[in-house]
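Visitor: Sharing a structure with you now.
The values are calculated or read from the model by the stated rules, or taken from the named source; none is laboratory data. Note that this is a predicted model, so its numbers are computed, not measured. Every residue, glycine among them, receives a Cβ derived from its backbone with ideal geometry; neighbour counts consider all protein chains shown. All accessible areas refer to the heavy atoms of the entire protein, side chains included, with ligands and DNA or RNA removed. Shrake-Rupley method; radii C 1.70, N 1.55, O 1.52, S 1.80 Å.
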Amino acid sequence: MRNLFTLILFVSFSLNFAQQTSLNISESAEYKDKEKAQDILSIYTTETGLTGIVRESKRDLMFDVFDKDLNKKHSLIVESSKKEDYVGEVVFGDEMKVFTVFSPKVKERIVYCHIFNIKNGTHSKKKLFEVTVAKKRYLFSSRNERQTSLDISPNGKYLAMATDNIYKDVNDYAIRLFNANTLELLYVKSYQKHEEKYFKHNDISVNDDGEVFVLGKLYKEGKKEKKKGEANYDFILNKITEENNAEISISLAEQHIQNLSITIVDDKLHLIGFYSEKRTGKIKGGCNFVIDSEVFSVLDKKNYELPLDVYEDLFGDNRGSKKKGKELTNFYIDYILEDSKGNTYLLAEEFYTTQVYVNNGMNGGYWQTTYHYDDILILKFGTSGNLDWGRSIFKRSNTPSYNAFIKDDELHVLLNSGKNLLEKKDGRTKVSKGWFESSSLYDIVYNNNGDVSYSKIQDNKGKTYYLPYYGTYQDGTFIMMSSGRKKRQFMILQ
């Protein structure tokens, strides 16, 4: 009887663990697609409240416009080709510019821009340039990263594009700067050209004056990450204009860093990421290199070990203190967000794959791959570049599952999990879905000090299932689309 009473208390606690979200929730009317298009390439809401969505099917690109109430206004279907691949997009004002690479032959590459005017619901396509590459070379080697090869200036005047080497025996890289409105090519500039040394692109940023900053790794010998236990590369930051190409080298001493990303705070460049003392792919803590963009020199270099809160969130109160200082593995940067005060939030998700062999008896078998999108790591850097706090989310999922935005200087992380969040005895909150458990949509909120609260948006059973990963945030409003191949709906959070 006592055990039954304890179980009832536990279930009751689980049911009430997450409070109801403080965000205002509304849903759009349901609509039907003319064609199946599951893959969302881009979603963007303008300042006037119109939402544009670009999706991809096997044969077509689909461009849709929705009004303030998310009723469909326009829909365009543009025929595409299996040999035309999406590489990224930029958005500004009323336009979405979606970039593709067409490969009609083994060595031929043609870069196109699809211009989608959300206000008018019109589409046009413009050829930007054409090149011949060496066999099996990619024009954008960073194509699997999140928007690292394209950038538009804050004033919307300049569009910068970084492409990779196109020759077989020479490592050569190029920056193209375009007029973002007319797509007129302003100049092409080669950088980091070496016969022996290999350069791996990390990130790109263009300012209102058309100055392009390109960040990447320059390997000292070959392409291995380590040589004799030390990093086999330096990070190189290039400052490129039509007339000049300056660069600074960022030595790492005994650190190993997989990637750095560029963010701008008070006219200074902050190169932020994770460092390890063992090898790339592991994380000891966060790092921040502060660059004076005018003098073009390194002002400061800051390293911070992961705070205890990160380990306690992942491993529990007791194990967390024992794990502190040990390096985490397989985290990849997803979001870099900035609040109204200039604080920067870095969010990364643990990703890896596992394989099992499925035996079909007499018919042999096959290897089945499982994708793991697990824990989330969050670091907050203050305006000075110092680490204010770090937290993590103990999570399990097999699909890209979360999105993040900042509203009223609080960080919101949206994701689907099991119907009842489980607070374990060791202090952890597990965010995952059991085998026979229905799911719910959650809003996990971190205040300015890193204190966390868990809010439930809805129980998904019997309701429309929404995908936070495919969402957009603009002027205090987050919009996300539902799953499904034909029938669609939106949820609006304000």
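Visitor: When the residues of segment 311-334 are narrowed to those that are over 15 Å from Arg391 (Cα atoms) and of a type in the set (Ser, Thr, Tyr), which ends up most open to solvent (accessible area, probe 1.4 Å)?
Guide: So the residue we want is Tyr332.
Visitor: Considering (1) in contact with a strand residue (DSSP E or B) (Cβ under 9 Å, 6 or more places away or on another chain); (2) in contact (Cβ under 8 Å) with a residue 40 or more places away in the chain, say which one Lys341 fails and leave the rest.
Guide: It is condition (1) that Lys341 fails.
Visitor: Turning to a different aspect of this structure: Go through Tyr191, Tyr233 for me and flag whichever is over 24 Å from Gly88 (Cα atoms), open to solvent by less than 40 Å² (accessible area, probe 1.4 Å), of a type in the set (Phe, Trp, Tyr) and out of contact with any His (no Cβ under 6 Å at 6 or more places or on another chain).
Guide: Values: Tyr191 fails: over 24 Å from Gly88 (Cα atoms).
It is Tyr233.
Visitor: Kindly check whether there is at least one residue in segment 470-487 that is loosely packed, with under 14 Cβ neighbours inside 10 Å, part of a strand (DSSP E or B) and more than 20 Å from the chain's Cα centre (by Cα).
Guide: So far as segment 470-487 goes, yes, one or more of its residues are loosely packed, with under 14 Cβ neighbours inside 10 Å, part of a strand (DSSP E or B) and more than 20 Å from the chain's Cα centre (by Cα).
Visitor: Here is a follow-up. Quick check on segment 177-205: of everything there that is part of a strand (DSSP E or B) and basic (Lys, Arg), which residue is nearest to the chain's Cα centre (by Cα)?
Guide: Residues of segment 177-205 part of a strand (DSSP E or B): 177-179, 185-194, 199-205.
Filter once more, keeping what is basic (Lys, Arg): 189, 193, 200.
On the way: Lys189: 27, Lys193: 29, Lys200: 18 Å.
Among those residues, the one meeting the criterion is Lys200.
Visitor: Quick one: in segment 337-356, of everything that is assigned to a strand (DSSP E or B) and acidic (Asp, Glu), which residue is nearest to Lys407 (Cα to Cα)? Steps first, answer last, please.
Guide: So the first thing to find is which residues in segment 337-356 are assigned to a strand (DSSP E or B), and the list is 337-338, 344-356.
This time we only want the ones that are acidic (Asp, Glu), so: 338, 349-350.
On the way: Glu338: 10, Glu349: 21, Glu350: 25 Å.
For segment 337-356, the residue satisfying everything is Glu338.
Visitor: Output yes when any residue across segment 453-460 is free of Cβ contacts under 8 Å to residues at least 12 places away in the same chain and open to solvent by 30 Å² or more (accessible area, probe 1.4 Å), and no when none is. Talk me through it step by step, then tell me what you get.
Guide: So in segment 453-460, the residues free of Cβ contacts under 8 Å to residues at least 12 places away in the same chain come out as none.
Taking every residue of segment 453-460 in turn, none turns out to be free of Cβ contacts under 8 Å to residues at least 12 places away in the same chain and open to solvent by 30 Å² or more (accessible area, probe 1.4 Å).
Visitor: Look through Glu254, Glu221, Glu243 and report the one residue that is open to solvent by 70 Å² or more (accessible area, probe 1.4 Å), in a loop (DSSP other than H, G, I, E, B) and closer than 17 Å to Lys189 by Cβ.
Guide: Working: Glu254 fails: closer than 17 Å to Lys189 by Cβ; Glu221 fails: closer than 17 Å to Lys189 by Cβ.
Every option except Glu243 fails the conditions.
Visitor: Here is a list of conditions, (1) open to solvent by less than 10 Å² (accessible area, probe 1.4 Å); (2) of a type outside the set (Gly, Ala, Ser); (3) in contact (Cβ under 8 Å) with a residue 24 or more places away in the chain, and Asp64 meets all of them except one; can you say which number that is?
Guide: Here Asp64 meets the rest and fails (3).
Visitor: Hey, another quick one. Would you kindly identify the strands (runs of 3 or more DSSP E) lying entirely within segment 378-433 that contain at least 3 residues that are over 18 Å from the mean Cα position of the chain (by Cα)? So that I can check it myself, show each step before the final result.
Guide: Numbers: elements: 387-395, 402-407, 410-418, 429-431.
Where strands (runs of 3 or more DSSP E) fall fully within segment 378-433 and carry at least 3 residues being over 18 Å from the mean Cα position of the chain (by Cα), they are 387-395, 410-418, 429-431.
Visitor: Within the group Lys127, Lys200, which residue is under 24 Å from Ile272 (Cα atoms), open to solvent by 50 Å² or more (accessible area, probe 1.4 Å), touching a Phe, Trp or Tyr at 6+ places or on another chain (Cβ under 9 Å) and at pLDDT 85 or above? Walk me through it before giving the result.
Guide: Numbers: Lys127 fails: under 24 Å from Ile272 (Cα atoms).
Sole residue among the options that is under 24 Å from Ile272 (Cα atoms), open to solvent by 50 Å² or more (accessible area, probe 1.4 Å), touching a Phe, Trp or Tyr at 6+ places or on another chain (Cβ under 9 Å) and at pLDDT 85 or above: Lys200.
Visitor: Given the criteria within 23 Å of the chain's Cα centre (by Cα) and surrounded by 17 or more Cβ atoms within 10 Å (Cβ to Cβ), does Lys268 qualify?
Guide: no
Visitor: Hey, another quick one. Please list, ordered by first then second residue, the pairs with beta carbon atoms under 6 Å, 6 or more apart or interchain, first in segment 70-95 and within 24 Å of Ile492 (Cα to Cα) and among the β-branched types (Val, Ile, Thr), second assigned to a strand (DSSP E or B) and modelled with pLDDT of 90 or more.
Guide: Pairs that qualify, where the first residue is within 24 Å of Ile492 (Cα to Cα) and among the β-branched types (Val, Ile, Thr) and the partner is assigned to a strand (DSSP E or B) and modelled with pLDDT of 90 or more, are Val90/Lys97; Val90/Leu150; Val90/Ile152; Val91/Tyr44.
Visitor: Given the residues Tyr466, Tyr470, which is the only one that is among the hydroxyl-bearing types (Ser, Thr, Tyr) and at pLDDT 90 or above?
Guide: On the way: Tyr470 fails: at pLDDT 90 or above.
Of Tyr466, Tyr470, the one residue that is among the hydroxyl-bearing types (Ser, Thr, Tyr) and at pLDDT 90 or above is Tyr466.
Visitor: Residues in segment 111-122: is at least one surrounded by fewer than 19 Cβ atoms within 10 Å (Cβ to Cβ), hydrophobic (A, V, I, L, M, F, W, C) and at pLDDT 90 or above?
Guide: Yes, segment 111-122 has at least one match.
Visitor: For segment 360-374, indicate whether the set of residues that are closer than 16 Å to Tyr454 by Cα and surrounded by 14 or more Cβ atoms within 10 Å (Cβ to Cβ) is non-empty. Steps first, answer last, please.
Guide: Start the filter on segment 360-374 by keeping residues that are closer than 16 Å to Tyr454 by Cα, which leaves none.
Within segment 360-374, not a single residue is closer than 16 Å to Tyr454 by Cα and surrounded by 14 or more Cβ atoms within 10 Å (Cβ to Cβ).
Visitor: For segment 44-61, indicate whether the set of residues that are of a type in the set (D, E, K, R), open to solvent by less than 40 Å² (accessible area, probe 1.4 Å) and at pLDDT 90 or above is non-empty. So that I can check it myself, show each step before the final result.
Guide: Kept after step one, since they are of a type in the set (D, E, K, R), are these residues of segment 44-61: 47, 55-56, 58-60.
Within this subset, residues satisfying the condition of being open to solvent by less than 40 Å² (accessible area, probe 1.4 Å) are 55, 60.
From what's left, at pLDDT 90 or above: none.
No, every residue in segment 44-61 fails to be of a type in the set (D, E, K, R), open to solvent by less than 40 Å² (accessible area, probe 1.4 Å) and at pLDDT 90 or above.
Visitor: Of the numbered conditions (1) open to solvent by 50 Å² or more (accessible area, probe 1.4 Å); (2) in contact (Cβ under 8 Å) with a residue 12 or more places away in the chain; (3) touching a Gly at 6+ places or on another chain (Cβ under 6 Å), Leu387 satisfies every one except a single condition; which is it?
Guide: That leaves (1) as the condition not met.
Visitor: So, in segment 380-434, how many residues would count as being closer than 15 Å to Val445 by Cα and of a type in the set (Asp, Glu)?
Guide: 3
Visitor: So which residues in segment 288-298 are surrounded by fewer than 22 Cβ atoms within 10 Å (Cβ to Cβ) and in contact with a Phe, Trp or Tyr (Cβ under 9 Å, 6 or more places away or on another chain), if there are any at all?
Guide: Step one: list which residues in segment 288-298 are surrounded by fewer than 22 Cβ atoms within 10 Å (Cβ to Cβ), which gives 290, 292-298.
Matches in segment 288-298: Ser293, Val298.
Visitor: Could you list, in sequence order, all residues of segment 15-42 that are at pLDDT 75 or above, open to solvent by 90 Å² or more (accessible area, probe 1.4 Å) and over 21 Å from Leu493 (Cα atoms)?
Guide: Residue satisfying the conditions is Lys32 alone.
Visitor: Please name all residue pairs, on different chains or six or more residues apart, with Cβ atoms under 9 Å, provided the first residue is in segment 190-212 and is charged (D, E, K, R) and the second residue is open to solvent by 70 Å² or more (accessible area, probe 1.4 Å) and not in a strand (DSSP E or B).
Guide: Hits for this filter: Glu195/Asp169; Glu196/Glu221; Lys197/Lys220; Lys197/Glu221; Lys200/Lys223; Asp203/Glu145; Asp208/Pro154; Asp208/Lys157.
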